[in-house]
Amino acid sequence: MGGAVSAGEDNDELIDNLKEAQYIRTELVEQAFRAIDRADYYLEEFKDNAYKDLAWKHGNIHLSAPCIYSEVMEALDLQPGLSFLNLGSGTGYLSSMVGLILGPFGVNHGVELHSDVIEYAKQKLDFFIKTSDSFDKFEFCEPSFVTGNCLEISPDCTQYDRVYCGAGVQKEHEDYMKNLLKVGGILVMPLEEKLTKITRTGPSAWETKKILAVSFAPLIQPNHADSGKSRLVHLPPVAVRSLQDLARIAIRGTIKKIIHQETMSKNGNGLKNPPRFKRRRVRHRRMETIVFLDKEVFASRISNPSDDNNNSEDIEDERQEEEETKPSELKPDPPVNFLREKVLSLPLPDPLKYYLLYYREK
């Protein structure tokens, strides 16, 4: 499934293409997509295909096409502090993007059938937290994953503000999925070959919207052949954050505000002069007009008296522009992680600094 947009050279170009095609329509969703490199969730030997708008599957590992994830993220209408349940959480790619929007006081849970995929997702999550410079631009709601069949969730589980199912749902399971939602919540799932958005408007009231035609592998039905009993899936508890966690969130937030104020002061209330780019002169070219008349061809050349002078001037301008353009300008230095630099400069014991940085490696 996919192929709706052109392949990109890198993650940013893929996002540019998704924006141009109107799959990504809001700033929050765009920021989340840009923060996490899709290629990081591929096995090394398959990374050449990471920026194509195609689904990828290898064994139990699966990623939907970028255009599908874009539509899902937009349809979920995510906001900070909400609770989210991902049924068939897979690699954790979607759950991590959602976590960037939910912020530190949201809830981010995933259920995945295959234990090996859970381990893969945890490795990718750890890699993102410890190595990605984008991580420090957000306050993150870290996802928690549990192993099990999402059709066997314990009936006493909490309800969620947002639910996504990443496998095809048959009509017989529609009510089961709806019951996972709080009133006012949104459920997005492939229902009978249509990506569908269902909003719970009351205890027994629903609004349904079909988004687009899709093709997903169906949900795997529970298998009770071994014991004859259901294996209930118990979701993680919605726990209150520890005082230690709250302190880290508060300290990092305060440091970010200080950095923002310092930047505003240096740049004059944050208003910098826009970068100046030399406008490329349009090169005027001679035009040749070919006229067909009664099977005879007449060719005439239309030229401007000033063409010859303009042409030589344009060539000289282009030559000067090429000389002025340096390789260093084409490849700017990577952005500075000011939060990390500020934390490392604080007069604190090293273990506390590393705690504030989530033990990041960069």
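Taking the criterion of being open to solvent by 70 Å² or more (accessible area, probe 1.4 Å) and not in a loop (DSSP other than H, G, I, E, B), the residues of region 35-61 that qualify are E44, E45, D48, L54, K57, H58.
Which pairs do you get when a residue that is under 20 Å from V214 (Cβ atoms) and of a type in the set (K, R), found in region 36-65, comes within reach of a residue that is open to solvent by less than 70 Å² (accessible area, probe 1.4 Å) and not in a loop (DSSP other than H, G, I, E, B), reach meaning Cβ atoms under 8 angstrom, with the pair 6+ apart or on two chains? So the pair list comes out as R38/N11; R38/L14; R38/L63; R38/P66; R38/Y93; K52/G2; K57/L63. Of the residues making up region 333-349, just one is modelled with pLDDT under 90, open to solvent by less than 100 Å² (accessible area, probe 1.4 Å) and not hydrophobic (A, V, I, L, M, F, W, C), namely N337.
Would region 164-178 turn up any residue that is over 16 Å from the mean Cα position of the chain (by Cα), closer than 16 Å to L85 by Cα and basic (K, R)? Yes, that holds for at least one residue. Only residues that are loosely packed, with under 14 Cβ neighbours inside 10 Å and in a strand (DSSP E or B) were counted across region 146-201, and they come to 3.
Right, L212: within 28 Å of the chain's Cα centre (by Cα), part of a strand (DSSP E or B) and at pLDDT below 95 or not? Spelling it out, L212 is indeed within 28 Å of the chain's Cα centre (by Cα), part of a strand (DSSP E or B) and at pLDDT below 95. Residues that are surrounded by 23 or more Cβ atoms within 10 Å (Cβ to Cβ), without any contact (Cβ under 8 Å) to a residue 60 or more places away in the chain and among the polar types (S, T, N, Q) within region 66-90 comprise just one, S70.
So, in region 3-34, exactly how many residues are in a helix (DSSP H, G or I), without any contact (Cβ under 8 Å) to a residue 24 or more places away in the chain and not hydrophobic (A, V, I, L, M, F, W, C)? Even if it seems obvious, please write down each step before you answer.
So in region 3-34, the residues in a helix (DSSP H, G or I) come out as 11-20, 27-34.
Pick out the ones that are also without any contact (Cβ under 8 Å) to a residue 24 or more places away in the chain and you get 12, 15-16, 19-20, 27, 30.
Now restrict to residues that are not hydrophobic (A, V, I, L, M, F, W, C): 12, 16, 19-20, 27, 30.
Residues flagged as in a helix (DSSP H, G or I), without any contact (Cβ under 8 Å) to a residue 24 or more places away in the chain and not hydrophobic (A, V, I, L, M, F, W, C) within region 3-34 amount to 6.
The values are calculated or read from the model by the stated rules, or taken from the named source; none is laboratory data. Every value quoted in this text rests on a predicted model; they were computed, and no experiment measured them. When we count neighbours, we look across all protein chains shown, and the Cβ atoms used for this are built from the backbone with ideal geometry, even at glycine. The accessibility values were calculated without ligands, DNA or RNA, using every heavy atom of the protein model including side chains. Shrake-Rupley method; radii C 1.70, N 1.55, O 1.52, S 1.80 Å.
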